[in-house]
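Step one of this worksheet: look at the structure below.
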Amino acid sequence: MLKRGHIVLLVGAALVVIGISLTAAYGIGIAGVILNESIILSDVLVDPSNSVNYTLDITNTERPVSIALHVEAINSTDNPVVEQTVINPHGFIVNNNEFGEDGQSDIFTSLRPEIDGVYTLSLHNLGTDQVKIGGIFGYLPITENSGEINLSTVTGLLAGAWVFVIGIGTLVGGTVITVLDRRGDRKRHLWGFT
């Protein structure tokens with residue numbers, strides 16, 4: 001017959017497996033959208049007064065295109081200043097922001113493309129020091145058609161993570177109960193109560 005500590009350990013192990021399965025199932029779908037339909041910027045270095053450009057082929061004008069960026073100075077304590085511009089296939093600016101001033105090192109914005117085609121994200125370093133930029137340009141599953149953030153698309157991913165954490169906690173609790181039960185069994189056996 002299983003003791004209570006072993007039962008708690010089995011429940012904890014089951015919760016960990018369920019949590020990993022949920023996280024993987026929902027995470028693969030979200031990661032697929034991001035990897036297949038977005039440009040990921042990873043530690044892009046931009047020299048002073050220079051620009052870098054990235055292009056994204058937009059084939060669906062029903063979904064908003066998101067821009068999430070983080071900038072930091074490389075060899076300076078000054079706040080880096082970067083201008084972000086998105087240009088549509090006809091050469092018109094459809095989104096423009098300046099960030100980095102006053103300690104604002106992150107920006108999240110979205111735009112609704114009006115026509116299919118290649119859109120260009122241009123990042124221009126307006127400062128006097130080299131900057132490092134990271135982020136994403138493309139379709140994000142958490143952005144609704146209105147451009148608002150909606151976390152319901154990641155609910156399964158979050159639920160899987162919570163179930164995993166609860167499972168780990170249950171495993172720890174089961175281990176403690178098992179150790180305490182063994183100590184109790186040893187004391188009873190030592191005193192002849194078995």
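A short reminder: the numbers here are calculations on the coordinates, not readings from a lab. It should be emphasised that the depicted structure is a prediction, and the values quoted were computed from it without experimental measurement. Please note: Cβ atoms are built from the backbone with ideal geometry, for glycine as well, and neighbour counts cover all protein chains shown.
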Quick calc: nm separation of the 7 Å Cα→Cβ label points for residue 148 and residue 62 -> 2.0 nm
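Ranking 139, 54 by Cβ neighbours within 10 Å, fewest first, what do you get? Walk me through the numbers before you get to the answer.
On the way: 139 19, 54 16.
Sorted ascending by nearby Cβ count, the order is 54, 139.
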What distance in nm lies between label points placed 7 Å from Cα along the C-beta direction at residue 25 and residue 115?
4.4 nm
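Taking R0 as 30 Å, what FRET efficiency do you get between residue 179 and residue 158 from their Cβ-Cβ distance, rounded to the nearest 0.05?
Numbers: r = 32 Å, r/R0 = 1.07.
The calculated FRET efficiency here is 0.40.
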Using alpha carbons only, how many degrees (0 to 90, rounded to 10) separate the axis of helix 155-190 from the longest principal axis of the chain?
20 degrees
